[in-house]
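Peer 1: Just dropping this structure here.
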Amino acid sequence: AMPEQINVDIKTLTRFLTEEQVKHKEATGDFTLLCHALQFSFKQIAYYIRRATLVNLTGLAGSSNTTGDDQKKLDVISNDLFIATMRSSGKVSLLVSEEEEEVIYFKDAKDARYAVACDPIDGSSNLDAGVSVGTIFGVHKLAEGSTGTKEDILKPGTELLAAGFTMYGASAQLVITMKGGSVNGFTLDNGLGEFILTHPDMKLPKSRAIYSVNEGNSLYWEDNVKAYFNSLKEAQANGKPYSARYIGSMVADAYRTLLYGGIFAYPADKKSPKGKLRILYECAPMAMVFENAGGQAVNSKMQRMLEIVPEHIHDRSGIFMGSYDEIEKVKSFHK
Ligand code: P6P
């Protein structure tokens, strides 16, 4: 039999980051070190999730987070290890976590120039059901001369330096993009403990007849949102309606939409007038990934998601994100 094809051009995330760094001659290497800390936290979280069911880590931890959700042990562990890894990198000045009511300032990180927003385990309510959950992150750079204040992270997504997510599914899939760059997907090889570049330069199909929304909220939708989704259920030009796919875990729905195309939406509605998903560590990072992959992301007023400035660190927004043409179709119902 033929020997297994040895792929001679295996590129690890570590090599990818080094190659990125040398493209910027003014780079000090701080950003690269921050990204190494990020990937280390994803490897640790992947490890715990893989073992969660085995060591029954998926029970409740008895505490609750900002939105009062019952915190599962894995939420707490992932949040704690993420904070510890960011702190020990020495490159992060302040951190916003979905699990922390207030901003965390790393005052001993004197020359740290970065602010990180993250949701350590997004979709955690699905954990016990074995549904893929993930870590979503965004990286901002401190303003010149700033010592690190809340204003350094309450900025529009257009200023994000990097953003992405890691989905903990059959294997850990990391999707990352830098400002003005492409979107690259890496798969964690548990044997090597390295993220391997498996999806270089990801591009969303321009259109795809798949929609992803929680239809259980349709009672609360605005009329134009109802009209839009109803139009997808009609026979399209090819005589067929759209297909529906909704997992209820943002990273899983986002990853499928990135690969197959279509649209993911969590509209603001009468029940949640500001929307449900958070700007800093769900909507903005995802919007940057989707735009850099050739798609679009808008809020419920059809404004470009990346231009929205959060009013506070846990501020929310409605969101429609996906294939370029699918978002154009949503806009046509919001004239
Ligand atoms: P619903 C999970 O709780 C989450 O924050 C996202 O991961 C997901 O897209 C959304 O909420 C699901 O919300 O109301 O459809 O259960």
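Every read-out reported here was derived from the displayed coordinates using simple, explicitly stated rules and does not represent laboratory data. Every value quoted in this text rests on a predicted model; they were computed, and no experiment measured them. Note: ideal-geometry Cβ built from the backbone for every residue, glycine included; neighbour counts use all protein chains shown.
Peer 1: Just rank Lys331, Lys141, fewest to most, by other beta-carbon atoms within 10 angstrom.
Peer 2: With the fewest neighbours first, Lys331, Lys141 line up as Lys331, Lys141.
Peer 1: How large is the helix-only mean residue ellipticity at 222 nm for the chain, computed as the sum of -39500 (n - 2.57) over DSSP H runs with n ≥ 4, divided by its residue count, in deg cm²/dmol to the nearest 500?
Peer 2: Dividing the helical sum by the residues of the chain leaves -8500 deg cm²/dmol.
Peer 1: Mind telling me which of Val96, Val76, Val175 comes out most flexible in a GNM of the chain, alpha-carbon contacts under 10 Å?
Peer 2: Val76
Peer 1: Of Ser182, Ile313, Pro205, which is farthest towards the positive pole of the chain's charge dipole, taken about the Cα centre with +1 and -1 on the beta-carbons of Lys, Arg and Asp, Glu respectively?
Peer 2: Pro205
Peer 1: As a footprinting exposure proxy, order Val183, Val133 by other Cβ within 10 Å, with the fewest listed first.
Peer 2: Details: Val183 25, Val133 30.
Taking fewest neighbouring Cβ atoms as first place, the list is Val183, Val133.
Peer 1: Give the share of C-alpha pairs in each 10 angstrom bin for the chain, from 0 to the last occupied bin, in whole percents, shortest bins first.
Peer 2: Going out from 0 Å in 10 Å bins, the chain shows 6, 26, 34, 24, 9, 1, 0 percent.
Peer 1: Taking a ≥ b ≥ c as the square roots of the eigenvalues of the Cα gyration tensor of the range 105-179, is the shape rounded (a/c under 1.5), prolate (a/b larger than b/c) or oblate?
Peer 2: prolate
Peer 1: To continue, here is another question. For Leu94, Leu33, what's the fewest-to-most ordering of other Cβ within 10 Å of each Cβ?
Peer 2: Leu33, Leu94
Peer 1: At most 10 other Cβ atoms within 10 Å and a DSSP loop assignment: could you name the GluC sites (Glu not before Pro) in the range 4-55 that fit?
Peer 2: When the GluC sites (Glu not before Pro) of the range 4-55 are filtered for loop state and at most 10 Cβ neighbours within 10 Å, Glu4, Glu26 remain.
Peer 1: Using only alpha-carbon positions, what ratio does the radius of gyration of the range 237-323 give when scaled by 2.2 N^0.38 Å?
Peer 2: 1.09
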